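Take a look at the structure set out below.
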Amino acid sequence: QEALAYRATHDALTGLANRAHFQHEVERELQTLDQGLFGLLFIDLDRFKQVNDTLGHDVGDELLKEVGRRLTHVVRSSDLVARMGGDEFTVVLRQLRSAQDAERVAHKILNELIRPVEVGGHTLHVTCSIGVAVAPQDGRDITTLQKNADIAMYRVKHEGKNGVQTFRRP
């Protein structure tokens, strides 16, 4: 029973929370908004497809596992790291003191992921694009919050990748 529950809530490759578990946890955080802010980071690895295409899926899978380990290492144990699928990860930053704290953590993640990764005899240099949204100011429901973090992440991609962008209303 425990093994089934774990598989239903965790990504098989990385062992991180999966999309369903992530969404459940965000819904739970949204129900307790009166207790303070929380941040949502949307992380997309830059040029990950090139790794899979040139070095193979085994190397790509090992890279994803290492990214998961590094993300978990950077954030607090009370935060939640999830793999949404492919090369997309999300982080729920609980009990923030200010919206700027979410951006600070995103920069720490950027600096952690830029360190070279040794995988299958290859030294990989990974960068990522991170979008930041903070509840309640950037959304009071999961759809809006995710959409705004995604919009911020795509702004980073559009501006050249390897950066952090906090959602700003147009």
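The values are calculated or read from the model by the stated rules, or taken from the named source; none is laboratory data. Given the structure is predicted, the values throughout are model-derived calculations rather than measurements. For neighbour counting, all protein chains shown are included, and Cβ atoms are generated from backbone atoms with ideal geometry for every residue, glycine included. Just so you know, the surface numbers come from the protein's heavy atoms only, side chains and all, with ligands and any DNA or RNA stripped out. Shrake-Rupley method; radii C 1.70, N 1.55, O 1.52, S 1.80 Å.
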- Determine, yes or no, whether GLU62 is open to solvent by 60 Å² or more (accessible area, probe 1.4 Å), more than 16 Å from the chain's Cα centre (by Cα) and at pLDDT 95 or above. yes
- Note on the structure: Scanning segment 136-170 residue by residue, those hydroxyl-bearing (Ser, Thr, Tyr) and either more than 14 Å from LEU30 (Cβ to Cβ) or assigned to a loop (DSSP other than H, G, I, E, B) (or both) turn out to be TYR154, THR166
- Task: Output the number of the condition that CYS128 fails; it satisfies all remaining conditions of (1) surrounded by 13 or more Cβ atoms within 10 Å (Cβ to Cβ); (2) farther than 26 Å from HIS10 by Cα.
- Result: (2)
- With respect to ARG70, is the statement that it is part of a helix (DSSP H, G or I) and either in contact with a strand residue (DSSP E or B) (Cβ under 7 Å, 6 or more places away or on another chain) or under 20 Å from GLU103 (Cα atoms) (or both) true? yes
- Item | Considering residues of segment 97-113 that are at pLDDT 95 or above and crowded, with 17+ Cβ neighbours inside 10 Å only, the residue nearest to ASP53 (Cα to Cα) | LEU113
- Conditions (1) within 19 Å of the chain's Cα centre (by Cα); (2) open to solvent by less than 80 Å² (accessible area, probe 1.4 Å); (3) within 20 Å of LEU113 (Cβ to Cβ) -> LEU55 fails only (1)
- Task: Any residue in segment 157-170 that's surrounded by 11 or more Cβ atoms within 10 Å (Cβ to Cβ): show its pairings with residues that are acidic (Asp, Glu) at Cβ separation under 8 Å, as long as the two are six or more apart or on different chains.
- Result: LYS157/ASP44; LYS157/ASP46; LYS161/ASP46; ASN162/ASP46; VAL164/GLU103; GLN165/GLU159; THR166/GLU103; PHE167/ASP138
- Filtering segment 84-112 down to residues that are of a type in the set (Lys, Arg) and in a strand (DSSP E or B) yields ARG94
- Item | Test: residue in segment 68-82 that is surrounded by fewer than 22 Cβ atoms within 10 Å (Cβ to Cβ), among the acidic types (Asp, Glu) and closer than 18 Å to ALA17 by Cβ | yes
- Note on the structure: Cβ pairs under 8 Å, 6+ apart or interchain, first in segment 60-80 and over 15 Å from LEU40 (Cα atoms), second open to solvent by less than 60 Å² (accessible area, probe 1.4 Å) and of a type in the set (Gly, Ala, Ser), ordered by first then second residue, are GLY68/GLY15
